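The values are calculated or read from the model by the stated rules, or taken from the named source; none is laboratory data. On a predicted model such as this, the values are computed, not experimentally measured, just so you know. A quick note on method: Cβ atoms are made from the backbone with ideal geometry, for glycine too, and the neighbour counts reach across all protein chains shown. Just so you know, the surface numbers come from the protein's heavy atoms only, side chains and all, with ligands and any DNA or RNA stripped out. Shrake-Rupley method; radii C 1.70, N 1.55, O 1.52, S 1.80 Å.
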Amino acid sequence: MRAEVRSLAPDAPLYNVRTLDALVDASVSDARFRTVLLALFAALALLLAVVGTYGVISLAVAQRTREMGIRLALGAAPGDILRMVLAGGLQPLVAGGLVGLGGGILLSRAVAGLLFNVTPADPATFAIASLVILVAGLAAAWLPARRACRVDPALALRQ
């Protein structure tokens, strides 16, 4: 590029020659960094939510082991216990999700400057985020629910 410009205009000053890709990358680097940082914090928040949900549901299952054993001894099917534990984990998850959706819609104006080609209250974005949280919460509840189905009724009755 330098040689071509010098052949056309030898007296023209030439400095800071970069490709268009390099100029575009430099112009969006701050926004790209903020987006990556925001995505990392969102992933960390999701991980903490899943671990917290798992811990709370595991504690609830551990505290109700005797009750579940008695239910199994009296004829409850393991599927009934599974549904009971999943429903117990799903209720606070849905309530928290609704509160989070309301807060997200109210506070979305604060991050409007970081959004590109998305409106602050974009329904698709909120639906996808809610679905991800719901699936993560159900995944966190699945292990304690499966463990609850395997409670030995005789052992629970002895306790």
(Q) Give me the base-10 log of I(q)/I(0) for the range 33-155 at each q in 0.12, 0.16, 0.20 Å⁻¹, Debye formula, one uniform scatterer per Cα, rounded to two decimals. (A) -0.56, -0.80, -1.06
Q) Tilt of helix 20-63 relative to the longest C-alpha principal axis of the chain, in degrees (0 to 90, nearest 10)? A) 10
Q: Per DSSP H run of at least 4 residues, take -39500 (n - 2.57); add these up for the chain, divide by its residues and hand me the 222 nm value, nearest 500 deg cm²/dmol.
A: -26500 deg cm²/dmol
(Q) Given a Förster distance of 30 Å, report the FRET efficiency between Ala95 and Leu157 from their Cβ-Cβ distance, rounded to the nearest 0.05. (A) 0.35
Q) Which value results when the Cα radius of gyration for the range 1-87 is divided by 2.2 N^0.38 Å? A) 2.61
(Q) How large is the translational diffusion coefficient of the range 61-129 in µm² per second when you combine the Kirkwood radius over alpha carbon pairs with Stokes-Einstein at 37 °C and 0.692 mPa s? (A) 217
Q. Which angle between 0 and 90 degrees, to the nearest 10, do you get for helix 78-107 versus the longest principal axis of the chain when only C-alpha atoms count?
A. 40
Q) Using the alpha-carbon atoms, what tilt in degrees (0 to 90, nearest 10) does helix 123-149 show relative to the longest principal axis of the chain? A) 30
Q: Any chance you could tell me what percent of the C-alpha pair distances in the range 87-159 go past 16 Å?
A: 61
Q: Leaving ligands, DNA and RNA out of it, report the carbon-plus-sulfur percent of the accessible area of the range 1-65 at a 1.4 Å probe.
A: 68
Q: Go ahead and collect, in residue order, the members of the range 13-46 whose backbone nitrogen is under 19 Å from a label point 7 Å along the Cα-Cβ direction of Leu107.
A: 34-46
**Q.** Calculated log₁₀ intensity ratio I(q)/I(0) where the Debye formula runs over C-alpha points of the range 92-131, q = 0.13, 0.24, 0.30 Å⁻¹
**A.** -0.26, -0.79, -1.07
Q: Return one whole number: the accessible area per residue of the chain in Å², for a 1.4 Å probe.
A: 71
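Once the other residues with Cβ under 13 Å from the Cβ of Ala12 are scored (Lys, Arg +1; Asp, Glu -1), what is the net sum?
Values: positive: Arg2, Arg6; negative: Glu4, Asp11.
Result for the neighbourhood of Ala12: 0.
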